[in-house]
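Report on the following structure.
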Amino acid sequence: MEGGAPDVSRWVVIYPIYINSKKTVAEGRRIAISNACENPTCLEIADCCSFLKLPCAIELDKAYSRDFMQVGRVRVQLKRLDGSLSNPAIPSRKVLLLKVAELVPKHHGRTKKQEPSASGSGSNAATGKSGKGGRKKK
C-alpha cells in the first residue's frame, strides 16, 4: 500500500474477550484471571496500545467468532515491515495482552465512570420512600 493507510492485515488482533476476567478460557480468555481485567472495551485497549507507543487500528464492525454479540477488535503492530519491534519492551502477543490488561483498569475513562456510580447508589436510598409499595388494604 503506497502512500495511504498502512496494511493492517498482518497486525496482531486483540479481542476484548482475550483479557476479560468475566470469561472462561473456553469462552476465549487468553490470560490468567489474576492478570485479566473486568469488561474491557476496544477503545480502552486502543488507548493502552497508544500509551505503549504501538500503532493500532480499531475495527468496530468485526465480531468475535465464538460470541458474535461481542463486537469490535483492535489490530496492533508488534513488528515493522523490516522485522524490528515497534516497542522493544513488548516482544510477543502474550506480553502485549498482559501489559494491556494491566493498564485498562487505570484508564482515565474507567476511573471517571466508577466514581459517580458509587456515590449515586447511596443517594437513591435517601429518597424518603420506604415499604413495599403495593396496594393499600381497606
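The values are calculated or read from the model by the stated rules, or taken from the named source; none is laboratory data. Predicted model, so just to flag it, every value in this text is computed and none were measured. No Cβ is skipped: glycine too gets one built from the backbone with ideal geometry, and neighbour counts run over all protein chains shown.
Values as computed for the structure displayed
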| item | result |
| --- | --- |
| Subset of region 36-54 [under 14 Å from R73 (Cα atoms) and in a loop (DSSP other than H, G, I, E, B)] | N39, P40, T41 |
| Neighbours by Cβ (under 6 Å, 6+ apart or cross-chain): first from region 65-94, closer than 25 Å to R29 by Cβ; second part of a strand (DSSP E or B) and among the charged types (D, E, K, R) | R73/E59; R73/K62 |
| Count of residues meeting criterion [surrounded by fewer than 18 Cβ atoms within 10 Å (Cβ to Cβ), closer than 22 Å to I33 by Cβ and either at pLDDT below 90 or among the β-branched types (V, I, T) (or both)] in region 87-104 | 1 |
| Search result, residues across region 59-86 that are surrounded by fewer than 15 Cβ atoms within 10 Å (Cβ to Cβ), in contact with a Leu (Cβ under 7 Å, 6 or more places away or on another chain) and closer than 17 Å to S9 by Cβ | K79 |
| Single match in I45, I33, I58, I14 (criterion: in contact with a Pro (Cβ under 8 Å, 6 or more places away or on another chain) and either modelled with pLDDT of 95 or more or not polar (S, T, N, Q) (or both)) | I45 |
| Residue count for region 11-33, restricted to those that are in contact (Cβ under 8 Å) with a residue 40 or more places away in the chain and not aliphatic (A, V, I, L, M) | 6 |
| Residue tally, condition among the hydrophobic types (A, V, I, L, M, F, W, C) and assigned to a strand (DSSP E or B), over region 6-35 | 3 |
| Selection within region 30-74 - among the β-branched types (V, I, T) and over 13 Å from I17 (Cα atoms) | I58 |
